[in-house]
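What follows is one structure encoded as structure tokens, with my remarks underneath.
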Amino acid sequence: MNHFELRDGVLHCEEVPLPRIAEQVGTPVYVYSTATMQRHARVMKTALAALKEPLVAFAVKANPNAAVLATLAAEGLGADVVSGGEYRRARAAGIAADKIVFSGVGKTADEMALALEGGVFQFNVESFPEAEMLSEIAVSMGRIAPVSFRINPDVAAGSHAKISTGAARDKFGISTADVMSAFSRARELPGLDAQGVAVHIGSQLTSLKPLESAFRRLGDLIGELRSAGHRISVADLGGGLGVPYDPDAPLPPSPADYARLVGRIAGGWDLRLVFEPGRLIVGNAGVLLTRVIRIKEGASSPFVIVDAAMNDLMRPSLYDAWHGIEAVVPNDDTMVADIVGPVCETGDTFARARAIDRVEAGELMVIRTAGAYAATMGSTYNSRPLAAEVLVNGSDWAVVRKRQEIEALIDGDIIPPWLGSAPS
Ligand code: LLP
């Protein structure tokens, strides 16, 4: 469900016609819908309402824009962060420290100190050496670090290999065989409070089966840890629930299906459950609005060359991801085309041989489901400045990230003294 709909033949975001945004801000531009994000946050919270005090910590990596984070903070969501930068952005956007989970396999000493200083709900620790470092830093600061150990449950998530994280060969978590000793050794470490366990097996999951296996393994471990005298008061079940990209593909499980699974397996664990949804909250709340530069004849189908490129939205190039592509003012006619950007590699292709609305040079299109892992994965490849971002709220809208200026790229480089000064 999202709030991008045709009204009088023109695609709107909520009450705002997309051509108005394109005219005033230029293209390419990301457009986010407040109502869609609110709806997804509420659907998730409602689905989990039967649980005792669940903490829903939005995975900031999916969309770290301050306006997005502030929208979700107002819905009561916390944050799952994986860097000092994400921690600071979450705090700056108004997310309370006691709703922040600090995840990630490579936390540095500085990042640990930052979160200990500012406060955190827990660190999800992924190895024993990480626990030792955290202990040292916490002791040096006179703090106690709340910790959950992330378990690697060794399950196949069934998602794209690059975004599956729960198999034994993956870099994430501690194997179930080593968890007991990690807890026992952590007990001896000063400055740590080992309060729980965590699991996250991958992203864009379209079946609940692997989640069920992972949660069952976590449940068994909680039983074993408690029998060995460890107090387990938190279980973090991660994120990962998929969203619909392709309307012709089977629908992924709904938040309600997911919550039923959680209730069935974890409802009796008698602890606080934490969730880290990212894509589910923001995926369908964004589009990338782009203008057709020109149509070029191709060997089999024409190329629709748009002014967005792989540097703006990397997912198709990186994961062969499918994104819906539509005209902003469709004319009831269709064409089969390759939709490509201006970047100089063949990977800069949003879709191949796709039946789309017929478009001509100068017309606007959207690439859908671009609210998650989209703007944030942008780069300046081909010296293309980062795209602008806009947030819509009913009939209001605002630029929430200015288009990067090319001067920012030029000024960021430094010509060393031996090359002389740059020509002015
Ligand atoms: N928690 C942890 C520990 C994670 O690593 C992730 C995502 C999440 C939560 C949120 O997962 P979600 O609910 O959004 O599925 N760039 C890729 C996705 C990478 C996901 C990385 N971790 C993409 O564009 O598909």
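Values in this text are rule-based calculations from the coordinates and carry no lab data. All values derive from a computational prediction rather than experimental measurement. Reconstructed Cβ throughout: ideal geometry from the backbone, glycine too, with neighbour counts over all protein chains shown.
Descriptive notes on the structure:
- In the chain, the longest principal axis of the Cα atoms and the axis of helix 209-227 are about 20 degrees apart.
- For segment 137-200 versus segment 205-268, the gap between their alpha-carbon centres in whole angstrom: 17 Å
- Hydrodynamic radius by Kirkwood, which averages 1/r over all alpha carbon pairs of the chain, in angstrom: 22.9 Å
- Positive-end residue of Ile325, Val399, Gly239, charge dipole of the chain with Cβ unit charges: Gly239
- GluC sites (Glu not before Pro) within segment 204-304: DSSP coil, no more than 13 neighbouring Cβ in 10 Å: Glu297
- Under a model in which nothing but the beta-carbon of Lys, Arg (+1) and Asp, Glu (-1) is charged, segment 104-275 shows a dipole of about 380 debye around its Cα centre.
- Neighbour count of at most 13 Cβ within 10 Å plus DSSP loop: longest trypsin sites (Lys or Arg not before Pro)-free window in the chain: 232-401
- Given +1 at the Cβ of Lys and Arg, -1 at the Cβ of Asp and Glu and no other charges, the dipole of the chain around its Cα centre is 940 debye to the nearest 20.
- Phi-based couplings in Hz for segment 306-311 (Karplus 6.51, -1.76, 1.60; Gly and Pro marked x): 9, 8, 9, 8, 4, 5
- Efficiency of FRET between Trp418 and Ser383 - r from beta-carbon atoms, R0 25 angstrom, step 0.05: 0.55
- When restricted to Cα atoms, segment 285-424 yields an Rg and a Dmax of 17.2, 61 Å, respectively.
- Solution diffusion estimate, µm²/s, Stokes-Einstein, segment 1-160, Kirkwood Rh from C-alpha pairs, 20 °C, viscosity 1.002 mPa s: 119 µm²/s
- Considering only beta bridges that DSSP places wholly inside the chain, some 50 percent are antiparallel.
- The C-alpha atoms of the chain define a longest principal axis, and helix 109-118 lies at about 80 degrees to it.
- Only Lys, Arg, Asp and Glu carry charge here, each on its Cβ (+1 for the first two, -1 for the last two); on that basis segment 298-410 has a dipole of about 300 debye about its Cα centre.
- Considering helices alone, the calculated mean residue ellipticity of the chain at 222 nm is -8500 deg cm²/dmol, with DSSP H runs of length four and up weighted by -39500 (n - 2.57) and normalised per residue.
- Cα-based helix-to-principal-axis angle, 34-47 vs the chain, degrees rounded to 10: 30 degrees
- Just so you know, the averaged projected area of the alpha carbon convex hull for segment 361-401 sits at 4.3 nm².
- When the chain is described by a simple charge dipole with +1 on each Lys and Arg Cβ and -1 on each Asp and Glu Cβ, the residue from Ala35, Pro253, Phe350 located farthest towards its positive end is Pro253.
- Additional length obtainable on full extension of the chain from Arg7 to Glu23, 0.36 nm per residue less Cα span: 3.9 nm
- Ranking of Trp418, Trp269, Trp322 by neighbouring Cβ atoms within 10 Å, starting from the fewest: Trp418, Trp322, Trp269.
- DSSP-defined antiparallel bridges as percent of all bridges, segment 203-342, nearest 5: 35 percent
- Antiparallel bridges, percent of DSSP beta bridges restricted to segment 104-275 (to nearest 5): 5 percent
- Residue list for segment 267-308, given a label point 7 angstrom along the Cα-to-Cβ vector of Thr46 and an amide N cut-off under 16 Å: 281
- Cα-derived Rg over Rh, computed across segment 149-298 with Rh taken as Kirkwood radius: 1.10
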